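First comes the structure, then the notes that go with it.
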Amino acid sequence: MGDTKGGNFDIPEKQAMSMLTDPNPHSQPNSDVVVPWINGLDVTRRLRDIFIIDFGRGTLESEASNYAAPFRHVVLIVKPQRDQSRTTVGLYWQHSVKKRARDAAERALRRKMRQVVVVLGVSIRPGDARWLDFGLNRPLRSLGERAPVARPATELPSIEEIAPLQAIAVEAAAA
């Protein structure tokens with residue numbers, strides 16, 4: 001699923017070009033948040049020359065307000081629509097709740113993957129081809145402490161060797 005705007009964040013090209021030339025108090029260009037909007041219709045038919053205001057994931061209202069012209073549009077056009085919704089009242093400058101829920105799920109998955117990689121890092125040597133079996137790139141260096149005895153690539157470490165390292169990995173991933 002692509003981006004779900006959840007409001008009238010799109011603007012015509014003429015208005016976008018005006019915003020793109022407007023200065024901001026923090027000297028960052030409006031091109032950070034005003035970008036061309038292309039969807040399936042633009043690909044299969046003709047480009048519509050529409051732009052969209054997107055402050056990005058997790059942007060605070062105070063950060064979004066630094067982009068004066070785009071933020072003014074969102075306050076005047078999007079906020080009244082969003083104030084009518086139960087789910088977007090306090091987050092009118094951000095795109096849809098579905099996108100935020102998806103982003104939260106993605107962050108949780110990334111945390112779990114970090115735990116898996118750390119556990120694998122103490123179980124499998126960096127040069128071992130089994131990294132590729134997990135769909136991961138081989139690490140350039142060791143991810144954790146290793147037992148001093150070299151073992152064949154087909155022999156896995158014992159649970160007694162992994163348990164203390166797993167606890168460290170879980171603590172590191174939670175931080």
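None of the figures in this text is laboratory data; all of them are computed from the coordinates on show. Here the structure is a predicted model, which means the values were calculated and not measured. Don't worry about glycine lacking a Cβ; one is built from the backbone with ideal geometry, like all the others, and counts go over all protein chains shown.
Results, tabulated for the structure shown:
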quantity	calculated
Segment 18-94 - charge dipole about Cα centre, Lys and Arg +1 at Cβ, Asp and Glu -1, debye rounded to 20	320
Packing-based ranking, highest mean first, of 28-38, 107-117 given that Cβ atoms within 10 Å are counted	28-38, 107-117
Length released on extending from Ile38 to Arg125, taking residue separation times 0.36 nm less the Cα-Cα span	26.8 nm
Highest-first arrangement of 40-52, 12-24, 63-75, where packing means the average Cβ count within 10 Å	63-75, 12-24, 40-52
Sequence ranges 127-133, 53-59, ranked by mean other-Cβ count within 10 angstrom, highest first	53-59, 127-133
